[in-house]
1. Which of the peptides 280-293, 309-322 is most tightly packed, and how do the rest follow, going by the mean number of other Cβ atoms within 10 Å of each residue?
2. Select from G193, W352, G320 the residue farthest towards the positive end of the dipole of the chain; place +1 on Cβ of Lys and Arg, -1 on Cβ of Asp and Glu, and compute about the Cα centre.
3. Tell me what the chain gives for mean residue ellipticity at 222 nm when only DSSP H runs of n ≥ 4 count, each as -39,500 (n - 2.57), the sum divided by the residue total, rounded to 500 deg cm²/dmol.
4. Could you give the size of the charge dipole of the range 199-278 about its Cα centre, using +1 on the Cβ of each K and R and -1 on the Cβ of each D and E, expressed in debye and rounded to the nearest 20?
5. Kindly point out which whole DSSP H helices in the chain project their C-alpha atoms 18 angstrom or further along the helix axis while averaging a Kyte-Doolittle hydropathy of 1.0 or above.
6. If amide H atoms are built 1.01 Å from N in the plane of the peptide, which residues on other chains or at least 5 residues away come under 5 Å of the amide H of V11?
7. Assigning unit charges at the beta carbon (Lys, Arg +1; Asp, Glu -1) and nothing else, what dipole magnitude in debye, to the nearest 20, does the chain show about its Cα centre?
8. Which listed residue (L57, G26, G69) has the Cα farthest towards the positive end of the charge dipole for the range 14-94, taking +1 on Lys and Arg C-beta and -1 on Asp and Glu C-beta about the Cα centre?
Amino acid sequence: MKINETFQTQVTKECDVFVAGGGIAGISAALAAAREGAKVILAEREFALGGLATAGLITIYLPLCDGMGRQVSFGLAEELLRLSVKDDLIEDKNPIHWFDDYDIETRAKAERYEVRFNAQYFALLAEKELLKAGVEILYGTLCCGVDIADRHIDHIVCENKSGRFAVKVGSVVDCTGDADICYRAGVATEKFGKGNVLAAWHYSLSDSEGYKLRMKGAADVPDEVKNKVDYGEQSLNNKRYSGLDGDELSGQVIDSHSVMLADIVKARGKDKSYMPVTMPTIPQVRMTRRIVGAYTLDTAEEHTFVADSIGMVSDWRRRGPVWEVPFGTLYGKDAKNLITAGRNTSVTDNMWDVMRVIPCCAVTGQAAGIAAAMTDDFDALDVTQLQEKLKNAGVILHEKDL
Ligand SMILES: Cc1cc2nc3c(=O)[nH]c(=O)nc-3n(C[C@H](O)[C@H](O)[C@H](O)COP(=O)(O)OP(=O)(O)OC[C@H]3O[C@@H](n4cnc5c(N)ncnc54)[C@H](O)[C@@H]3O)c2cc1C
């Protein structure tokens, strides 16, 4: 067989902004870039948008507020939260004090500005928004190669049902969650050394409990008791998953399936009305690989003024902390026209646990998308111009301006 001919890659598409991955970060980046007038292609490996938030059944949109009564994340982070519960399809955690006009004191004592949304409805609504903005969505499309020369990415190589093809790109937003594009471009990346515990979140329906998100596994269990979780038939307590190895990821999915199956059998043993409703179709891993950016943000920098801030995020775990997110956390020095958003931006391990969550992915996605529509050299971008565009889109950049 003539291997070279068989695998010759044709350039079949071209765009200003190529977004790899259609999770929350990718949706935000594509929407933001398209609204700036860029020709945008979004390539998504699965056949639905939303990534972990929808296909992964992580349906808790964590807070936009600081827990002290102040909203800190704005722009697309808020637009997508509201879209996720459009038509009052709220599964849980209705933030009435934020949807209605309440004062800061009341909000400080109320539930935080977060919701639990319906994964399916959100995925459909997000798709509609992207199409309305003019984004070309390529489903079932894996980004599997990067053609880079002189620190500039010229093409992204993709594979889908049509076979292998290349897209000529102006700039690229890596929203794969695992910094796949960075890694394949040879850009400096870091892995999450501790690995991920097993998660097996799924939905069920029964007469006794109704429609329920069953958060099985150890992901939402405090660190002190992570090693004591009951997984049913197996002992998976000491197992950790990097999320970056094909064989290991298959194993993670099989492990999580066995935990779900044991849970379903046990529940049906007690209540015959119990039935599984839906299970995740992508692996539930949190932190895997990230870019080594021009700047790396740490939790110690809470309440610090950041001159190149692209927006603010709060701490979903406790009330109080606020961080301004530096533009430098989104791009590295090794590829001029590559930027990241979502759970693979440049943060320390401590900060990763804050930045990986849904609202933060929307904050970085929006900034990365606008920046990608503005330039193909992120290091040379005049950040004040990006900040003006973000402000015009409703984003508040600094804590002093709240
Ligand atoms: C168990 C668990 C519990 C969590 N709990 C919460 C919570 O309660 N609230 C909260 O806000 N957050 C929570 N998170 C975190 C949050 O869900 C994710 O970090 C966030 O949704 C990530 O968004 P993203 O867009 O960066 O990445 P992802 O959602 O991972 O999206 C990446 C997308 O890129 C696609 N993709 C990947 N590689 C490629 C490729 N090479 N080519 C093409 N497409 C590709 C994927 O299919 C996916 O759609 C949790 C995560 C886990 C795993």
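Read the figures in this text as sums done on the coordinates, not as results from a lab. Values in this document were obtained by computation on a predicted structure and should not be read as measured data. Ideal geometry is used to build each Cβ from the backbone, glycine not excepted, and the neighbour counts take in all protein chains shown.
1. Output ranking for 280-293, 309-322: 280-293, 309-322.
2. Sorting the options by dipole projection puts first G193.
3. Counting only the DSSP helices, I get -8500 deg cm²/dmol.
4. Its charge dipole is roughly 280 debye.
5. Helix filter hits for the chain: 358-374.
6. A166
7. 900 debye
8. Comparing the listed Cα positions along the dipole, G69 ranks first.
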